[in-house]
Amino acid sequence: MDDRVVVAGALCDRGRLLAARRSAPPELAGRWELPGGKVEPGEGPEEALVRELREELGVETLPVERIPGQWPLGRGRVLQVWTARLLSGEPTPLEDHDELRWLGPDEVHTVDWLDQDRPAVAEAARLLRDA
Ligand code: DCM
């Protein structure tokens, strides 16, 4: 069974991780996530991540490494997460989000992450701390 993959980015810059607050759909609005979206047919996951972060945040990014594991999202979808570096641009909530926040490794627990994002956020915080 091929699960449909949703990719998300643990976008890091100057020792901080980017958190994005969802504005939709209503059941997810107000919760925080690692920004990303669905991989389209024919697209590679890293290519999809770069596209999604460009569309949603207006930035150019470089995927660095996959955070091990994948997390079920329901309806046959799974979440996979890559760490990514900010190459250019200032993240701006262009679609799907209404607030962005850069969090240091000791601040990542200050926002209400989507449950399915929490293991990857914890690992990203650990990587930031060790960097
Ligand atoms: N999603 C998630 N965690 C993320 C990114 C997305 O749980 N870090 C979920 C929310 C949606 C689905 O993936 O159910 C598709 O995301 P989008 O609506 O942003 O394309």
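Points worth noting:
- Across the stretch 110-125, the number of residues qualifying as without any contact (Cβ under 8 Å) to a residue 12 or more places away in the chain and either in contact with a Cys (Cβ under 9 Å, 6 or more places away or on another chain) or closer than 20 Å to residue 79 by Cα (or both) comes to 2.
- Restricting 110, 61 to those that are more than 15 Å from residue 6 (Cβ to Cβ), hydroxyl-bearing (Ser, Thr, Tyr) and open to solvent by less than 30 Å² (accessible area, probe 1.4 Å) reduces the list to 61.
- Pairs with Cβ under 9 Å, 6+ apart, first in the stretch 22-44 and within 16 Å of residue 77 (Cβ to Cβ), second more than 8 Å from the ligand (Cβ to nearest atom) and among the basic types (Lys, Arg): 22/31; 33/21; 37/51; 38/4; 39/4; 40/51; 43/51
- Looking only at the stretch 1-33, and only at residues there that are acidic (Asp, Glu) and assigned to a strand (DSSP E or B), the one that is nearest to residue 94 (Cα to Cα): 33
- Subset of the stretch 12-26 (residues that are open to solvent by 20 Å² or more (accessible area, probe 1.4 Å) and more than 9 Å from the ligand (Cβ to nearest atom)): 12, 13, 14, 15, 16, 21, 23, 26
- The single condition among (1) within 23 Å of residue 4 (Cβ to Cβ); (2) open to solvent by 80 Å² or more (accessible area, probe 1.4 Å); (3) assigned to a loop (DSSP other than H, G, I, E, B) that residue 72 does not meet is (3).
- Checking 98, 106 one by one, the residue that is assigned to a strand (DSSP E or B) and either over 12 Å from residue 11 (Cβ atoms) or out of contact with any strand residue (DSSP E or B) (no Cβ under 7 Å at 6 or more places or on another chain) (or both) is 98 and no other.
The values are calculated or read from the model by the stated rules, or taken from the named source; none is laboratory data. Quick caveat: nothing in here was measured; it's all calculated off a predicted structure. With ideal geometry, Cβ positions are generated from the backbone for all residues, glycine too; neighbour counts draw on all protein chains shown. For the accessible areas, the whole protein counts, side chains as well, though only heavy atoms, and no ligand, DNA or RNA atoms are used. Shrake-Rupley method; radii C 1.70, N 1.55, O 1.52, S 1.80 Å.
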